[in-house]
1. So for each of 78-88, 503-513 I average, over its residues, the number of other beta carbons within 10 Å; can you give me the resulting order with the highest mean first?
2. Which FRET efficiency, nearest 0.05, do Phe434 and Leu344 yield, Cβ-Cβ r, R0 41 Å?
3. State the Cα centre-to-centre distance between region 68-142 and region 393-469 in whole Å.
4. For the chain, what is the accessible area per residue in Å², given a 1.4 Å probe and the full set of protein chains?
5. Under a plain spin-label model, where a point goes 7 Å from the Cα along Cα-to-Cβ, how far apart in nm are Ala515 and Glu141?
6. Using a 1.4 Å probe on the protein heavy atoms, what percent of the accessible area of region 98-223 belongs to carbon and sulfur?
7. Give me the net charge of Val264's neighbourhood, meaning all other residues with Cβ under 15 Å from the Cβ of Val264; Lys, Arg count +1, Asp, Glu -1.
8. Can you spot the lysines whose alpha carbon is less than 20 Å from Lys190's alpha carbon? Ignore those fewer than 8 places along the same chain.
Amino acid sequence: MADAPAQPGRGPGPGMVACPVCSDASRSVVTVAGTGCNDLADILDRSFADIGRVRETFRPQLSIREIGAVLTVSTGIATVSGLPGVGSEELVQFPDGIAGIAFDIAEEEVGVVLLGDHARLKAGDRVLRTGRVMDVAVGIELLGRVINPLGQPLDGNGPVRCRQRLPIERPSPAIMDRAPVTEPLQTGIKVVDALVPIGRGQRELILGDRQTGKTGIAIDTLLNQRDSGVLCVYCAIGQRAASVAKTIAILRDQGALRYTVFVVAEGNDPPGLAYIAPYAATSIAEHFMEAGRDVLIVYDDLTHHARAYRELSLLLRRPPGREAFPGDIFYIHSRLLERATRLLDDLGGGSLTALPIIETEAQNIAAYIPTNLISITDGQIFLSPALFERGVLPAVDVGQSVSRVGGKAQRAVYRSVAGDLKLIYAQFEELETFARFGARLDDGTRRIIDHGRRIRACLKQPEFSPVAVPAQITVLLALTAGLLDQVPLERVAEAEQVLHRAAAQIPEDVGLRLALAGEFAAADRALIIEIARRALADFQPEPRFAMPAARQRPEEP
């Protein structure tokens, strides 16, 4: 007879084993194919034993978290209470992912600079300490990207993935870690490279009135670094989105975006983002410098940065000083620009060259912010509205522009060719002003004025068209040798283009010597002058010959 199946409430049927851990009334038989119930009980016992040992060794640790509350919210700032241990410039977190920086630390409350939209906050919102300062993503992955000061992408090309972050506020390199500036940074602008040279590791201020071409000089300098190995960081502070998009489009069309990082704080962003933008951009540039690279950073412009800091300070009820700026406005720019330097070879030999831009009002370079930055930087390039209106572009005022360091880093060929050019040009400008009064001029003065006008015509240069070193040297040598003095003034621009094309005939070994720091050989000089003379042969006036005797008019009796 077949075995009867087991019935509920009764013992197991024939051929079945009783389960000691399972109640007949509560569950069915617990078996796994090939595994008895005793094996499952052993597994459970071992698991519970392991859990017990972990529980005995676990020691709970309490962490203290300071949670404050928002007292008041204003444009760009918030007043917070309940954070007694917060540190200066510590990052704090608000709801909805809004960050802030502890700025004013008082006994009862903390003034926080907001890095997000203040309209999303209200009184009573919770504030958390993060225990760290503001930092930004750095690395080679940022090249070709457009980000905001928080490291968030603005170009629509996906998230920024960097393996390293650096604080935006870092101490500047020590004096003993700095090397002298000995290598030039070619801008591709003839008047700058010849008369106001810039060295790698220098801080050269660009200042002038509104719409005089300050940004154009910076963009030309970025474009000229295409094959030089110099990485670039462009920091736009308080600029209109359309202006930033135009700059990005120019660099993309010229192939310069691949070695450039854009850090953008637009004009409608909170003032806190405009305030931290140059510091974040400098940390990105410092990462490349510490890796041994040469870096160029452009701050466009620090006028908006100073105004953003003044706005934050007045909202935080800091006492205003001259021109309503707080007393430490000098310090925020000095600690920024002091980070630009050249490191020793033992530290990688990298350099960080800074081109801060500042806007003047009615050419008043004695205003508070311009005088501060002039005293911090190593020279300035002053752009004149009068020259701009007369079509002299770039409108560099040679008389008020100076480079206190770059002359030592200038190539020897420039020093040989353009050594007296600045003095001659300044003399011409004085005589030209005097000649406007209608005074009668002698032949020597007239020759100086004619020569100076050709110098000015050759120093003109259209935007976004940097000139290579051989072409610059060819034009400057033609000027100093007087080859252009016989060229009609209206044809000087045409003659200059011919000289640019003739520069391609310079032998390769001579071109290599032009790039070296050695002395400019007399043979090389004579060779380039001869190339320029042949190129300008068509621009020389035809010689006047005497009329044949048969064709001369007979003398009247």
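The values are calculated or read from the model by the stated rules, or taken from the named source; none is laboratory data. What you see is a predicted model; the values in this text were computed from it and never measured. With ideal geometry, Cβ positions are generated from the backbone for all residues, glycine too; neighbour counts draw on all protein chains shown. With ligands, DNA and RNA removed, areas are computed over all heavy atoms of the protein, side chains included. Shrake-Rupley method; radii C 1.70, N 1.55, O 1.52, S 1.80 Å.
1. Numbers: 78-88: 16.8, 503-513: 13.8.
Peptide ranking by packing, descending: 78-88, 503-513.
2. Details: r = 50 Å, r/R0 = 1.22.
Efficiency for this residue pair is about 0.25.
3. Centre-to-centre (Cα) distance: 53 Å.
4. Details: 28660 Å² over 557 residues.
With all protein chains present, the chain gives 51 Å² per residue.
5. Those two pseudo-labels are separated by 3.3 nm.
6. On the way: 2630 of 5290 Å².
Carbon with sulfur: 50 percent of the solvent-accessible area.
7. Numbers: positive: Arg145, Arg240, Lys246, Arg252; negative: Asp155, Glu266, Asp269, Asp300, Asp301.
Counting the neighbours of Val264, the net charge comes to -1.
8. Answer for Lys190, where 20 Å is the Cα cut-off: Lys214, Lys408, Lys422, Lys460, listed by chain and number.
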